[in-house]
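Student: The structure under discussion is supplied below as structure tokens; questions concerning it will follow.
The values are calculated or read from the model by the stated rules, or taken from the named source; none is laboratory data. Note that this is a predicted model, so its numbers are computed, not measured. Positions of Cβ are generated from backbone atoms using ideal geometry, with glycine treated the same way; all protein chains shown enter the neighbour counts.
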Amino acid sequence: MENERASASPPHVLIFPLPLQGPVNCMLKLAEIFCLNGLQVTFLNTQYIHECLLNCTNIESYFQRYPSFRFETVPDGLPEDSPRTAHEVFNLLDSMEAVSVPLFQEMVTSGPYGPSSEKPITCIVADGIFCFAVDIAKKIGVPLLYFETVSPCGLWTYLCLPKLIESGEFPFKGDDLDELIVNAPGMEGFLRRRDLPSFYRTKNLNDPIIQLVLNEDRHLPLAQGLIFNTFEDLEAPILSQMRKIGPKIYPIGPLHTHLKTRLATGGTTSSSIWKEDRSCIHWLNMQPINSVLFVSIGSLAVMNKDQLMEIWYGLVNSGTTFLWVKRPGSIVGLEREFEIPMDLSRATKERGYIVSWAPQEEVLAHPAIGGFLTHSGWNSTLESIVAGKPMICWPYFVDQQVNGRYVGEVWKLGLDMKDTCDRVIVEGMIRELMESKKAEFLQRADHIANVANASVSKGGCSYKNLDRLIEDIKLRTF
Ligand code: UDX
């Protein structure tokens, strides 16, 4: 009876992102696209993320643009001042399991969005890491779609883990990280041990993160659909592997640019959880075309003082002009009285610009940017691809090691610096990207950018996949 009522109600999607900058960014874009196509959307934030959005963005604009859009919040259970960077992600997940999940469950079963409520939800879109969503969606009889904020190529290495274990390839025997991986179909011949997520370097099968991956592997096939922020031409071999695992597959990216093609007028709303320093755009306006290297390690990754020095000297010694995002908290182990060496500070004043957070999408699209030294987070990689900017990849964790390999070896869009952080190598790679092979890399990047843009234009694969997704949500045909 309750489910009958829900199935007669207008389509109402509840979107539940992992409460981190990257996932919130792209899932908010998906929410906007849904609203533009006549779906009602409830976006479930943790209170922490919601406060950040209130402080740093024009959150009102979502309500002004989309009357069918609303935010809901749940606490994440962590103290407000608790760090939420890379190594704390697992604390965050544990805390959410204990505090946020029961509240979410109540909200969609007996609460304001339950089957017997006035506005029952008719579909859940949750981050792929949220295994708990399978049972909850089943209980209330609505389809569950997992949104993968990591790259499909990265996710595929998660899904291959049982096979790697069964075949004895994982845990690795010996320490040779250059050995090729055999049991990852579609990645034969180029994927080395070092290109798997860095947490695969553990020798312990019971490592909590390995268990987390295996748990995700068991739950993903139980969803009705998998939404990917990618486009067919970029990852066709991996998407065809994904099609074998069961749920319907919807590659609808790159989402940030897809949203722009769906908006009749007006720009997009920033979803930054830190204040953007827009002064860097004025600085970029004064630089020659393709002359600036953009440096950023995203929202979670950190570096230590030694790595900071190697990157900094590499940058300065390369002679390039650079725009560097030094996110607060991203450099660990710096003693308070740390003094920047004179030669670095002089060269930085002459040729560099440092901000604590940038409007990255806009920066990457700026004509003055000629390359991107990145941690290879999936959003950053896609933003760089769409902007046609070659990359130097310095991956930190999760899917980033895989992304770096694809950028360097498969897509030929840049250089992969993983597992090294030496000023001579940094300098050499920058010179290669920004000088000796500049024209070659820019030409290749320009070509892939055109393919990406075509995929989200009317008639393109991502465009059609998105229409199919919206239709399936409206008609509940999963
Ligand atoms: C995390 C994971 O680490 C990553 O591997 C996974 O693919 C997604 O989630 P994160 O560190 O947040 O990623 O990196 P990324 O996915 O690249 O997202 C960062 C976002 O922050 C990008 O959308 C980028 O535009 C934005 N950003 C970054 C800014 O707006 N300003 C900045 O100064 C830096």
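Student: Restricting the stretch 353-363 to residues that are within 16 Å of the chain's Cα centre (by Cα) and either more than 9 Å from the ligand (Cβ to nearest atom) or not in a loop (DSSP other than H, G, I, E, B) (or both), which is nearest to GLN307 (Cα to Cα)?
Tutor: If we take residues in the stretch 353-363 being within 16 Å of the chain's Cα centre (by Cα) and either more than 9 Å from the ligand (Cβ to nearest atom) or not in a loop (DSSP other than H, G, I, E, B) (or both), then GLN360 is nearest to GLN307 (Cα to Cα).
Student: Report, by residue number, each residue of the stretch 210-225 that is surrounded by 18 or more Cβ atoms within 10 Å (Cβ to Cβ) and either modelled with pLDDT under 95 or among the β-branched types (Val, Ile, Thr) (or both).
Tutor: Result: ILE210, VAL213.
Student: With the checklist (1) modelled with pLDDT of 95 or more; (2) out of contact with any His (no Cβ under 7 Å at 6 or more places or on another chain); (3) within 13 Å of the ligand (Cβ to nearest atom) in hand, flag the one item LEU300 doesn't pass.
Tutor: (1)
Student: While we're on this one: Which residue, of GLU471, GLU427, is in contact with a helix residue (DSSP H, G or I) (Cβ under 6 Å, 6 or more places away or on another chain), of a type in the set (Asp, Glu) and not in a strand (DSSP E or B)?
Tutor: After applying the criteria, what remains is GLU427.
Student: Output the helices (runs of 4 or more DSSP H) that fall wholly within the stretch 180-266 and possess 3 or more residues being under 23 Å from LEU36 (Cβ atoms), or say none.
Tutor: 255-262
Yes or no, residue by residue, for (1) aromatic (Phe, Trp, Tyr); (2) loosely packed, with under 15 Cβ neighbours inside 10 Å; (3) closer than 30 Å to VAL89 by Cα:
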residue	(1), (2), (3)
THR265	no, yes, no
GLU276	no, no, yes
ASP306	no, yes, yes
ASN317	no, no, no
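Student: Something else about it: Take residues that are touching a residue at least 24 places away in the same chain (Cβ under 8 Å) and of a type in the set (Ser, Thr, Tyr) and tell me which of the strands (runs of 3 or more DSSP E) falling wholly in the stretch 1-114 contain 3 or more.
Tutor: Those strands (runs of 3 or more DSSP E) do not exist here; none qualify.
Student: Of the residues in the stretch 115-130, how many are closer than 26 Å to ASN25 by Cβ, in contact with a Lys or Arg (Cβ under 8 Å, 6 or more places away or on another chain) and either at pLDDT below 95 or part of a loop (DSSP other than H, G, I, E, B) (or both)?
Tutor: Within the stretch 115-130, residues that are closer than 26 Å to ASN25 by Cβ, in contact with a Lys or Arg (Cβ under 8 Å, 6 or more places away or on another chain) and either at pLDDT below 95 or part of a loop (DSSP other than H, G, I, E, B) (or both) number 1.
Student: Please go through the stretch 388-422 and pick out each residue that is among the aliphatic types (A, V, I, L, M), within 12 Å of the ligand (Cβ to nearest atom) and touching a strand residue (DSSP E or B) at 6+ places or on another chain (Cβ under 7 Å).
Tutor: Of everything in the stretch 388-422, just one residue is among the aliphatic types (A, V, I, L, M), within 12 Å of the ligand (Cβ to nearest atom) and touching a strand residue (DSSP E or B) at 6+ places or on another chain (Cβ under 7 Å), namely MET391.
Student: Filter the stretch 364-380 down to the residues that are surrounded by 19 or more Cβ atoms within 10 Å (Cβ to Cβ) and assigned to a loop (DSSP other than H, G, I, E, B), then identify the one that is farthest from the ligand (Cβ to nearest atom).
Tutor: Looking at the filtered set, the residue picked out is ALA368.
Student: Residues GLU440, GLU427: which one is farther than 19 Å from THR230 by Cα, among the charged types (D, E, K, R) and surrounded by fewer than 17 Cβ atoms within 10 Å (Cβ to Cβ)?
Tutor: It is GLU440.
Student: Given CYS56, CYS26, CYS52, which one is in contact with a His (Cβ under 9 Å, 6 or more places away or on another chain) and within 16 Å of the ligand (Cβ to nearest atom)?
Tutor: On the way: CYS56 fails: in contact with a His (Cβ under 9 Å, 6 or more places away or on another chain); CYS52 fails: in contact with a His (Cβ under 9 Å, 6 or more places away or on another chain).
Just a single option satisfies the conditions, and that option is CYS26.
Student: Just checking, which of LEU323, LEU308, LEU334 is of a type outside the set (Lys, Arg), without any contact (Cβ under 8 Å) to a residue 40 or more places away in the chain and in contact with a helix residue (DSSP H, G or I) (Cβ under 7 Å, 6 or more places away or on another chain)?
Tutor: LEU334
Student: Still on this structure: So if I check each of GLU383, GLU337, GLU350, GLU310, which one is crowded, with 18+ Cβ neighbours inside 10 Å, away from the ligand (no atom under 14 Å from the Cβ) and of a type in the set (Asp, Glu)? Explain how you work it out, then say what you get.
Tutor: Numbers: GLU383 fails: away from the ligand (no atom under 14 Å from the Cβ); GLU337 fails: crowded, with 18+ Cβ neighbours inside 10 Å; GLU350 fails: crowded, with 18+ Cβ neighbours inside 10 Å.
Step by step, each of GLU383, GLU337, GLU350, GLU310 is checked, and only GLU310 is crowded, with 18+ Cβ neighbours inside 10 Å, away from the ligand (no atom under 14 Å from the Cβ) and of a type in the set (Asp, Glu).
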